[in-house]
1. For segment 208-223, enumerate the residues that are farther than 13 Å from GLY14 by Cβ and crowded, with 20+ Cβ neighbours inside 10 Å.
2. Out of curiosity, is ALA32 of a type in the set (A, V, I, L, M), surrounded by 14 or more Cβ atoms within 10 Å (Cβ to Cβ) and in a helix (DSSP H, G or I)?
3. Determine whether ILE140 is modelled with pLDDT of 95 or more, more than 29 Å from ALA252 (Cβ to Cβ) and surrounded by fewer than 21 Cβ atoms within 10 Å (Cβ to Cβ).
4. Six or more apart or on different chains, Cβ under 7 Å: which pairs go from a residue in segment 176-196 that's on the phi < 0 side of the Ramachandran plot to one that's open to solvent by 20 Å² or more (accessible area, probe 1.4 Å) and part of a helix (DSSP H, G or I)? Could you list them?
5. Can you say whether GLN361 is farther than 22 Å from TYR436 by Cα, surrounded by fewer than 16 Cβ atoms within 10 Å (Cβ to Cβ), within 29 Å of the chain's Cα centre (by Cα) and modelled with pLDDT under 95, as far as the supplied structure shows?
6. Which one is farthest from PRO485 (Cα to Cα), of the residues in segment 105-132 that are free of Cβ contacts under 8 Å to residues at least 60 places away in the same chain and of a type in the set (Ser, Thr, Tyr)?
7. In segment 109-126, how many residues are over 17 Å from MET196 (Cβ atoms) and open to solvent by 10 Å² or more (accessible area, probe 1.4 Å)?
8. Quick one: ILE71 ticks every box in (1) β-branched (Val, Ile, Thr); (2) within 24 Å of PHE110 (Cα to Cα); (3) part of a strand (DSSP E or B) except a single one, so which number is it?
Amino acid sequence: MKLNEERVYPILLGGQFRQAHYKETFQAYNPATGELLPELYPVSEWPDLEKALHESHRIRLELANCHPEKIAAFFDLYADLLEKNKEAIVRQANLETALPLEPRLNSSEFPRMISQFRQAAEAVRERSWRQAIIDTKLNIRSIYGPLGGAVVVFSPNNFPLAFNSVAGSDLISALACGNPVICKAHPGHPGTTRLMSELLLEALKKSGLPLSAMQMLYHFKNEDGLKLVSHPYVAAVAFTGSKKSGLALKEAAEKAGKLFCGEMSSINPVFFLPDILKEKASSLAAELFSSCSLGAGQFCTKPGLAVILDDDAGKNFLKELTEIFSSQQAGFLLSPVVLENLKTAVANLKTAGARLLAGGQPLPPPGFRFQPTLFSVPAARFLVKPGTFQTEAFGTLTLVVLAETVEEMLQVAENLEGTLTCSVYSSQPDTDEKIYRQIEPWLRLKCGRLLNDKMPTGVAVTPAMHHGGPFPATGHPGFTSVGIPVAFLRFAARHCYDNVPEDRLPEELRIKNPNGRMWRLIDGHWTRADI
């Protein structure tokens, strides 16, 4: 039923907030109580998406030719406004996700979000990310620049601030390259997105960027989403979410020749070698649970798989781990959809022959909760259908694979799907080192980030970070969604200039560069051209 328009929040379209074209509305949940929040948000019909596309298309050339200082100024202005409104933003995010205010939202995720903007502003001003290459002998020069179309951003539900469609790395990366952005809010935290969108528009006005450089729609039908990502005015798609939804968008986008940057599924295996378990089984069991349960198990880097030898040390470790999973409290899940998916994952593991060691049941209201759940499975059974045991599921759920021999452990590594991370815990004695040298080559090919003696849930915002991995973790192992300025390159095209006079070239490609603070590769030598 269509409600009175004054009760439904407007969308950000064409540089202003305006009422959507809609037939349906939706509401977010409070996961801590299980109740719907009162605010209504529109499910946009195609005319809204079409308007956003035309606005992005209209300003694409103006934005592509904006001076980097304008984009950098926007990042700084937006970050300033977000900081001034921090309390309201984190409280709304807490209400819509039940993620704790402290330390998660207030002291961790919010500062991370601000840091991304500050780092991006610095990188845009410095310009090395454009990787200017100059061959003076042949007079051929090249540089990274905008794609020439809109980037559509689909945000996840588990990071309402740092990965929000209107404030996360995808938006930052796309705009840094000079691309207009169409942002789709996640229906799990529309109020948080609304608050930040209001500040985004204010920063756009103050920076002098085209007001349609970024637009925001709350929700739309699946079929319209597929139509959107395959539209001629779209250049690229950024998606973080489920494998099922990601593959549908990927197929539609790539069929139309669009770049798809998607993060879709990751099991993040942790291998515990035998000597380290002999030394510290108790502390490692506690460490694994802590990582698995962080954010109620709703991190994309959650360790969903652990691999050990089924010897005395391994049995002791599994006993310690079972006791921890059986005794700890459950956190709140983000939505009833996450709860249902977790129920399905548990049922599928049971059907596949995994042994339930702890948990396995939803908890009664209030809120969306599920017992911390632990399974085990013999490596021999895992190797029969390895894909069955590598399905990502949000929630505090881990599967321990029990290998009879080191050779079986190596076979498990060989049969892993692409994943964001792989971790190995080992000790100093030669036994673990020998196994590590055998297993590391397999793991190196299976993941984007390889960790030693460290859990994978911490993802630092540093240029050296790679938050990506082989399919199905992401759509392309060469891209990262974390790490500035490397993340920019997901939404950049290579622009080559052949025999173009210097006064017609971008500043970065001129030998006498009037704004040269970046590194350039000139005739095979890296040159720092400071003002």
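1. Our first condition is that a residue be farther than 13 Å from GLY14 by Cβ; within segment 208-223, this holds for 208-209, 218-223.
If the condition is that a residue be farther than 13 Å from GLY14 by Cβ and crowded, with 20+ Cβ neighbours inside 10 Å, then LEU209, TYR218, HIS219, PHE220 are the ones that fit.
2. On the way: of a type in the set (A, V, I, L, M): yes; surrounded by 14 or more Cβ atoms within 10 Å (Cβ to Cβ): yes; in a helix (DSSP H, G or I): no.
Taking the combined requirement at face value, the residue does not satisfy it.
3. Working: modelled with pLDDT of 95 or more: yes; more than 29 Å from ALA252 (Cβ to Cβ): yes; surrounded by fewer than 21 Cβ atoms within 10 Å (Cβ to Cβ): yes.
Judged against the criteria, ILE140 is a match.
4. PRO180/ARG60; GLY191/GLN92; THR192/GLN92; LEU195/ALA88; LEU195/GLN92
5. No: the conditions fail for GLN361.
6. Filtering segment 105-132 for residues that are free of Cβ contacts under 8 Å to residues at least 60 places away in the same chain and of a type in the set (Ser, Thr, Tyr), the one farthest from PRO485 (Cα to Cα) comes out as SER107.
7. Total meeting the criteria: 5.
8. Looking at each condition in turn, ILE71 falls short on (3).
The values are calculated or read from the model by the stated rules, or taken from the named source; none is laboratory data. This one's a predicted model, so the numbers in the text were calculated from it and none came from an experiment. For neighbour counting, all protein chains shown are included, and Cβ atoms are generated from backbone atoms with ideal geometry for every residue, glycine included. Just so you know, the surface numbers come from the protein's heavy atoms only, side chains and all, with ligands and any DNA or RNA stripped out. Shrake-Rupley method; radii C 1.70, N 1.55, O 1.52, S 1.80 Å.
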